[in-house]
Every structure is written in C-alpha cells, then in structure tokens.
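Here's the structure, in structure tokens; my notes come after.
The values are calculated or read from the model by the stated rules, or taken from the named source; none is laboratory data. The structure presented is a predicted model; accordingly, all values stated were derived computationally and were not measured. A quick note on method: Cβ atoms are made from the backbone with ideal geometry, for glycine too, and the neighbour counts reach across all protein chains shown. SASA here: full protein model, heavy atoms, side chains in, ligands and nucleic acids out. Shrake-Rupley method; radii C 1.70, N 1.55, O 1.52, S 1.80 Å.
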Amino acid sequence: MNDVLTPTAEHPSTAKLPLRPHGKVLAVTSGKGGVGKTFVSANLAAALAKRGHKVLVLDADLGLANLDVVLNLYPKITLHDVFTGKAKLEDAILQAPGGFSVLLAGSGMVEYSRLTPEVRDEFLRIISSLVPHYDVVLLDTGAGISDVVLFAVSLASEVLMVATPEPTSLTDAYATIKVLVGQQQRQTVRVIVNQAARPGSGLAITNQLQQVLDRFVVTDHPIRLVHMGDIPVDPEVRQAIMRRQLLMQATPGCPAGAAISQLARKLEESVIPKPA
Amino acid sequence: MRLPFGPCAHIQRQVFKPPLALLTPSSQIDLQALQLDDARALLKHDAKDSQQEAGESPTGYLQRVIDGLCEISLKDPLTGLGNRRHLRSTLERAIETVARSGESVLLLLVDIDHFKAINDTHGHLAGDQVLQAIANCLADCVRPMDTVVRYGGEEFAVILPHCRPLFGRAVAERIRQTVASLSIPVAAQTNVQVTISTGGAYAPEWVRSTADLWIERADQQLYRAKTSGRNQVCLDQPQELSVSAEEKGLLFAHIATDEATMIRNLSGDAPPDSQGNATDRVNA
Ligand SMILES: Nc1ncnc2c1ncn2[C@@H]1O[C@H](COP(=O)(O)OP(=O)(O)OP(=O)(O)O)[C@@H](O)[C@H]1O
Ligand SMILES: [Mg+2]
C-alpha cells in the first residue's frame, strides 16, 4: 500500500509534498454540487473517530462548505487568519462535537478561491504540517472541477467521489474522474453513492461508470473504481441538520448513520491502517 | 424600450460595504448636512425624481438616491443598456456560478460592421441612432434573464446564462439575421442597413477563470469573424471536458434498468436480480 501522498502529474496545479507523512489525506469530491460531500465528510470523520482514529476535517471549499453550520461551530480564528498571517495554524484547529478536529475556512477565504502560487504554497504548507499529527485528514472540497478543487484533490492519496444516482451527478462525477485520470494520473477512485434509490444500486452505478470509463478513456494506466458503499436517503439527515447536530451523534443507528459506520469500516479495511 | 437590467439592489449590496459606524441606529440622518446636490443633478438628468417626497423618511430617500446612482453608474447613457462596468460585474458573477455548477454561460461580443462609414456618410447623429436601434434590437432578441451591454463605441456584449452549446450558435445567428433585416431611419427618407460581426466564448466549465480571459477568448472569435468577411458568427469551441451523448447514453443505462425494475415490481412480478454479474470490488 502506498503510504506517500500521491505524487501527481506535471500539471501546474498539482504538487508533491516533501515529507512522508504517516497520515492519510482523503479528498471528498463530487463534480456536481449539493450531493452530500460535506455531510459525508463530517459524519465519516465522526465514525472514524469513534473507531479510534485521530481525524481532522479541512474545509477545502474555502468557507462555502457550511461545515460551521453542520457542526454548529462559529470560531473566532479560522483558516483565513492563518492565510493572512494573523494566527498560527494550531490556534485555528477546533474540536468538533463528533470527537474529531476541524479546520474551518472563514468567510474571507473566498478571496483565495483563485489558485495563485501564494495560495498553493500556503495550502501545501498547512497540509504538510497537519498530516504528521493525524491518522486521517479529510478534505471537504467544493463543487465543480475548479483549479482549487483539483489542487486539493492532488494533495490527497485517496479520492472519495460522492455521487447520487441522478444523471447530472453521474455526468459530473464521470467528467471529474476523466480529468483526474488525464491530469493527475489517478489509478483508483473510490465511489460513494449517496441518496441511493435502493440497497445495492450503488454497485451497479459504479460498474456502469467503470464500463463507460473503460470504453472512452484511453490511457496507459487504466482507472479502477472501487465501490465503497451506498448511503440511503434518510429523513434523519435533514432532521439532524435542522437540530444543528451531527447525524452520527443524533441518530447513529438510523439507515444513513449505519451506512456511514459501514463506510468507516470499509475504509479501515482498504485504506486506513487500524488504530494502534 | 425594455430596461436591460432590473433594479440594481443586488449589485449594490455586493459593491458597498459601509463601515459599521454608519449602520448604527443611533445616527439620525441629517439630509441638510449631506451635500446631495451633484447626486440630485445626476438623477434629474436621468429623468429620475430627485427630491425627497412628502412623508418619505430620510433613510428611505437616501436609499432611493443611492439606488438611482448605482443604476446610473452601471448604465450607458446613449442606449440605456448596461455599460462596461455592468458587464464586468455580470461576468464575475457568472464565473462564480459556472465554477460551482458547471452551467453553460455564453458571452457574445457584437460589433457593427463598417460603422465608421455611417458616421462619415450620414453624420454622428445618425451614428447614434443606429447605435440605439441596434441596442433595442439586441435587447429584444434575447430572454429577460440575459444581459445586454454596450461594451465600447460600436461594440456590444450579450451574456446568456443557461445557454447550452447547442443553442448558442442558433441565438447568435438569430441576432445576426434580425439586425441585418433592420431598416434604421436616420433622417427623413433615409434609412440605413447594417450588419454585425459576432464572436462568442463559453465560460470554461468548472474552472474559475477571470473576466479578462473570458472576454479575450470572445474577442479572438470576433476578430476571426471580422477577418473572414464580417456579418457572421464565430464561436470558441467549448472545452473538451464535455461528456458526449454516447458516453451519457451508456452512463444512464442503470436508470432504464431501475425504471423497469420499478414497473415490474409494481405489476407484482418477482423483483429481478438487477445486479446480475456485478462483483463487489471493495476487497479486490
Ligand atoms: N443521504 C441523505 N439523505 C437525505 N438528505 C441528504 C442526504 N445526503 C445529503 N442530504 C441533503 O443534501 C444537502 C446537501 O448536502 P451537503 O451540503 O453535504 O452537499 P455538498 O455536496 O457538500 O454541497 P456543496 O457542493 O454545496 O458543498 C444536505 O443539507 C442534506 O439535507
Ligand atoms: Mg459542501
């Protein structure tokens, strides 16, 4: 198993991290917006924390993730202050209700949504100094395939692609995977089907995506999709958000909660070493 | 003539961030102390009511003055269309939307062919009349959600949100033909006909680009339209990131299966094994 942050392509928006960190960086991404990246990031972090992992979630959507709303945290010091040199990185890290750490972006971060060399360097510096301190760093990326999203994904050793069964979400997930193959020479993308229509439909969707990729994306390093699990549509998800609680705290046993626990287990089997 | 853009409250809220001190409720506004004369004159020149109305609160009045000034600052006085500044803020907003949603937004740059000749032959007043006629025509050719601005001398820009690549050329062609069919009166018994050249570019899907780069791409196409004989439309090819119809057809195959499953379930048949030979790859 490759323990290095994936060294990526020659594309200008990707980079190599200098160190060999012990933690895993996982990017949660989707192509289409609003499919549940933030919901998955926050609750997966809680599920992994419950299993004994030291987890940090970073708002790589630069303030648009609404992680603060989901976690009901409104900190004074954010990533924005770290970017502008007003605060130290460690002062911006918060303890989230689910037993994990979180680095929120702060509303001012939208200014940094263009990937200038300074933003890249700062991002790189922040992530490389975080990684040695955690078992898992989850990057909750923004919607779309903007250069910031691609850059954030390029820093991750694993990509978790969240898709829903809707045609628009599938098309965008597919388009994103194509870019990741072409630009970052990704060989594995892990698929999570959220709001699955019925149990098992996600596997069929993943296989479908794989077939289309095999047929239309010609590379010398074929892409392999790994179906990580399905999360059903569950009214408890909205309920938890309305109550400003994390699903994994409010109703961990509900169908969506159980699916996320299952997802954490699968990640442990395949990607993240079991906690010591 | 149709107003090319609505009340500009949304823009104003984006542009102005008054210092907090100004917002404290304790400061009662003294209109006398404010030197509003220039603002009033500007509004009056634009045929807007510039005096405080009876019963209107100072804050309400001031807000109306601010709204009026905002609108003027984004407007081209000759044609009533938006101006360059309006174009920029519209493009920047579109870029944000595109980066998040992947929606297709088309920018068209429209330039009147041989405009100088009209000025030379019929005079500048005639030139102005042509500009106004084209402005009206462009505004009438597009949907209310689209934005038409006067970009420079005889150059206009049209921003079309939610414009699928298939439709972009059709819209641009329709505009070109409508303009070509116009007969514009510029003096008693004198009508002129003009043509336009159009260059267009889509906002790069998913990528946060800049307004300048986007305009530049459309401008290159306009140059192409001009140099290949005018009175024509040239569009930049949308990014190759697109997913072809063939790919989509295959991608959505599961939906047909799902529907079939649902129908069969509804009709009481045994549910089929829809996963068939699919294998779980997790432990691969
Ligand atoms: N499994 C689910 N069941 C029910 N509702 C869900 C489920 N997953 C997500 N949602 C709903 O979808 C909404 C959007 O989710 P979320 O904010 O996590 O999406 P996102 O992909 O992060 O969006 P963005 O692209 O804007 O960052 C949530 O507020 C939630 O109400
Ligand atoms: Mg989000």
- Is one or more of the residues making up the stretch B:138-145 open to solvent by 50 Å² or more (accessible area, probe 1.4 Å) and part of a helix (DSSP H, G or I)? yes
- Message: Pairs needed: first member in the stretch A:20-44, within 18 Å of residue A:147 (Cβ to Cβ) and within 7 Å of ligand 1 (Cβ to nearest atom); second member anywhere, modelled with pLDDT of 95 or more and of a type in the set (Gly, Ala, Ser); C-beta distance under 6 Å; at least 6 residues apart or different chains.
- Response: none
- Message: Please return the ranges of helices (runs of 4 or more DSSP H) entirely within the stretch B:1-117 where 3 or more residues are open to solvent by less than 60 Å² (accessible area, probe 1.4 Å), modelled with pLDDT of 75 or more and touching an Asp or Glu at 6+ places or on another chain (Cβ under 8 Å).
- Response: B:58-73
- Query: Out of the stretch A:174-185, which residues are more than 9 Å from every other protein chain (Cβ to nearest Cβ) and open to solvent by less than 10 Å² (accessible area, probe 1.4 Å)?
  - Reply: A:177, A:180, A:181, A:184
- Item | Checking residue A:56 against (1) in a helix (DSSP H, G or I); (2) more than 13 Å from ligand 1 (Cβ to nearest atom), the condition it does not meet | (1)
- Could you list, in sequence order, all residues of the stretch A:150-163 that are over 14 Å from residue A:41 (Cβ atoms) and either open to solvent by 10 Å² or more (accessible area, probe 1.4 Å) or more than 14 Å from ligand 1 (Cβ to nearest atom) (or both)? A:150, A:151, A:154, A:155, A:157
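Yes or no, residue by residue, for (1) within 11 Å of another protein chain (Cβ to nearest Cβ); (2) open to solvent by less than 60 Å² (accessible area, probe 1.4 Å); (3) under 19 Å from residue A:67 (Cβ atoms):
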| position | (1), (2), (3) |
| --- | --- |
| A:193 | yes, yes, no |
| A:199 | yes, no, no |
| A:221 | no, yes, no |
| A:226 | yes, yes, no |
| A:238 | no, no, yes |
| A:258 | no, yes, no |
| A:263 | yes, yes, yes |
- Please give the number of the condition residue A:87 fails out of (1) within 16 Å of ligand 1 (Cβ to nearest atom); (2) open to solvent by less than 30 Å² (accessible area, probe 1.4 Å); (3) not in a helix (DSSP H, G or I). (1)
- Applying the selection to the stretch A:130-189, what residues are among the hydroxyl-bearing types (Ser, Thr, Tyr) and under 22 Å from residue A:23 (Cα atoms)? A:134, A:141, A:154, A:157, A:188
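One line per residue, one yes/no per condition, for (1) in contact with a strand residue (DSSP E or B) (Cβ under 8 Å, 6 or more places away or on another chain); (2) within 12 Å of chain B (Cβ to nearest Cβ):
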residue: A:70; (1), (2): no, no
residue: A:76; (1), (2): no, no
residue: A:83; (1), (2): no, no
residue: A:95; (1), (2): yes, no
residue: A:107; (1), (2): no, no
residue: A:110; (1), (2): no, yes
residue: A:127; (1), (2): yes, no
residue: A:138; (1), (2): yes, no
- Message: Tell me whether the stretch A:34-43 contains one or more residues that are outside any helix (DSSP H, G or I), within 14 Å of chain B (Cβ to nearest Cβ), within 10 Å of ligand 2 (Cβ to nearest atom) and surrounded by fewer than 21 Cβ atoms within 10 Å (Cβ to Cβ).
- Response: yes
- May I ask you to verify whether residue B:243 is under 25 Å from residue A:181 (Cβ atoms), surrounded by fewer than 17 Cβ atoms within 10 Å (Cβ to Cβ), at pLDDT 75 or above and touching a helix residue (DSSP H, G or I) at 6+ places or on another chain (Cβ under 6 Å)? yes
- Item | So residue A:74, is it away from ligand 2 (no atom under 16 Å from the Cβ), within 18 Å of the chain's Cα centre (by Cα) and of a type in the set (Ser, Thr, Tyr) | no
- Reported set for the stretch A:106-142 where residues are open to solvent by less than 10 Å² (accessible area, probe 1.4 Å) and under 15 Å from the mean Cα position of the chain (by Cα) is A:127, A:131, A:136, A:137, A:138, A:139, A:140, A:141, A:142
- Task: Please indicate, with yes or no, whether at least one residue in the stretch B:91-109 is among the polar types (S, T, N, Q), over 16 Å from the mean Cα position of the chain (by Cα) and more than 14 Å from chain A (Cβ to nearest Cβ).
- Result: no
- Query: Could you say whether any residue in the stretch A:203-218 is more than 11 Å from every other protein chain (Cβ to nearest Cβ) and surrounded by fewer than 20 Cβ atoms within 10 Å (Cβ to Cβ)?
  - Reply: yes
- Message: Is it the case, given these coordinates, that residue B:219 is over 28 Å from residue B:96 (Cα atoms), of a type in the set (Asp, Glu) and outside any loop (DSSP other than H, G, I, E, B)?
- Response: no
- Task: Go through the stretch A:140-153 and count every residue that is modelled with pLDDT under 90 and more than 14 Å from chain B (Cβ to nearest Cβ).
- Result: 0
- Query: With respect to residue B:208, is the statement that it is modelled with pLDDT of 85 or more and basic (Lys, Arg) true?
  - Reply: no
